Amino acid sequence: MAGRKVRIVTESHFTVEHELFRKSVRDFVEKEVIPNIEEWEKSEAIPKEIWKKMGDLGFLGINYPETYGGIGADFWYSVLFIEELTRSTVGGFGAAVSVHEFMAIAHLSRAGSDSLKKKYLAPSIAGTKLGALAITEAGAGSDVANLRTRAVREGDHYIINGSKTFITNGHYCDFATVAVKTDSDAGIGGMSLIIVDRDTPGFSSRKLKKIGWHCSDTAEMFF
C-alpha cells in the first residue's frame, strides 16, 4: 500500500556468553596461529601441538556431547568459531580445522557406536587424533551415487578397494571416515562410512602439490 511504513525487526542470536567465546577464539588465532602461519606454510603442515591446544580450549568439541569431552554448546557457537577462523584470512588452517571438526567426526557422532565414539570421537575432540572425510574420487567427484570404492565383508573385517582424491587432512590424519559401496545393487542403501586407521595394512596416501593453503595437507588415498 502506497505510503505505508514497514518496520524491520532484527534479532541477534548472540548473547554475552557467545561474544566472550568469540573473543577467546580470536585471541587464540592472533596468538597461536597468525604469528606461525608463514612457517607452517613453508613446512606444509600444522603442528600436532596446535590441535591439542584447541582441544584443551574446547574448540574441537563445540557441538558434541560432554560424554565424549565436548561442551554441548548451541549451533551459534560454531558460527562464531567459523567466523573467527575466516576473519583471520588463514584459509588453509581454517579448512583443516573445519574438515576435522564438522565433517570427519560429525557422522561418527550421529551414527557411531559407543565404542567407536570412545576410540575416535573423544580423542578427536581432545585434539590428540586428527580425522579426514574421504568421499571425493577422481572419476566421480563428490557424487556418492557414482563412487567406485568398494568394501566387501570377509568375516569380521571389510576389504576396501579403491582410491580417493583431494582429501583435506588426508596425508597427516590418524584416521579417515571413508565413503564406500557395500552393496552395489541397493542404491543409497548400499552406501557405508567405514573408519580406517592410518596404520591399516593396504592404506596409503600421497600429498598433493598446491598453489596455496600449503599448511592444510590435501592428498590422494589408496586402499
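List of remarks:
- Any hit, the stretch 116-129, residues being part of a loop (DSSP other than H, G, I, E, B), in contact with a helix residue (DSSP H, G or I) (Cβ under 6 Å, 6 or more places away or on another chain), within 24 Å of ARG26 (Cα to Cα) and not hydroxyl-bearing (Ser, Thr, Tyr): yes
- If you go through the stretch 135-151 and keep only what is of a type in the set (A, V, I, L, M, F, W, C) and either in a loop (DSSP other than H, G, I, E, B) or free of Cβ contacts under 8 Å to residues at least 12 places away in the same chain (or both), you end up with ILE135, ALA138, ALA140, LEU147.
- Subset of the stretch 188-202 (residues that are without any contact (Cβ under 8 Å) to a residue 40 or more places away in the chain and either outside any strand (DSSP E or B) or more than 19 Å from the chain's Cα centre (by Cα) (or both)): GLY189, GLY190, ARG198, ASP199, THR200, PRO201
Yes/no matrix, rows are residues, columns are (1) part of a loop (DSSP other than H, G, I, E, B); (2) under 20 Å from ALA106 (Cβ atoms); (3) open to solvent by less than 30 Å² (accessible area, probe 1.4 Å):
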| position | (1), (2), (3) |
| --- | --- |
| LEU133 | no, yes, yes |
| THR165 | no, no, yes |
| CYS173 | yes, yes, yes |
| VAL180 | no, yes, yes |
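- Entry remark, the stretch 140-162: residues being open to solvent by 50 Å² or more (accessible area, probe 1.4 Å) and either among the small types (Gly, Ala, Ser) or over 22 Å from LEU208 (Cβ atoms) (or both) number 11 in total.
- Residue that is on the phi > 0 side of the Ramachandran plot, out of contact with any Leu (no Cβ under 7 Å at 6 or more places or on another chain) and of a type outside the set (Phe, Trp, Tyr), where the choices are GLY131, GLY58: GLY58
- Of residues in the stretch 36-69 being among the hydroxyl-bearing types (Ser, Thr, Tyr) and closer than 19 Å to ALA106 by Cα, the one surrounded by the fewest Cβ atoms within 10 Å (Cβ to Cβ): THR67
- Matching helices (runs of 4 or more DSSP H) fully within the stretch 62-115 where at least 3 residues are touching a strand residue (DSSP E or B) at 6+ places or on another chain (Cβ under 9 Å), over 22 Å from VAL33 (Cα atoms) and in contact (Cβ under 8 Å) with a residue 24 or more places away in the chain: 106-111
- Number of positions in the stretch 116-131 that are open to solvent by 20 Å² or more (accessible area, probe 1.4 Å) and touching a strand residue (DSSP E or B) at 6+ places or on another chain (Cβ under 9 Å): 3
- Flag for ALA186 being hydrophobic (A, V, I, L, M, F, W, C) and modelled with pLDDT under 95: yes
The values are calculated or read from the model by the stated rules, or taken from the named source; none is laboratory data. Just so we're clear, the structure is a prediction, and the values are computed from it rather than from any experiment. Note that each Cβ is placed from the backbone with ideal geometry, even for glycine, and that neighbours are counted across all protein chains shown. Side chains included, ligands, DNA and RNA excluded: accessible areas come from the protein's heavy atoms. Shrake-Rupley method; radii C 1.70, N 1.55, O 1.52, S 1.80 Å.
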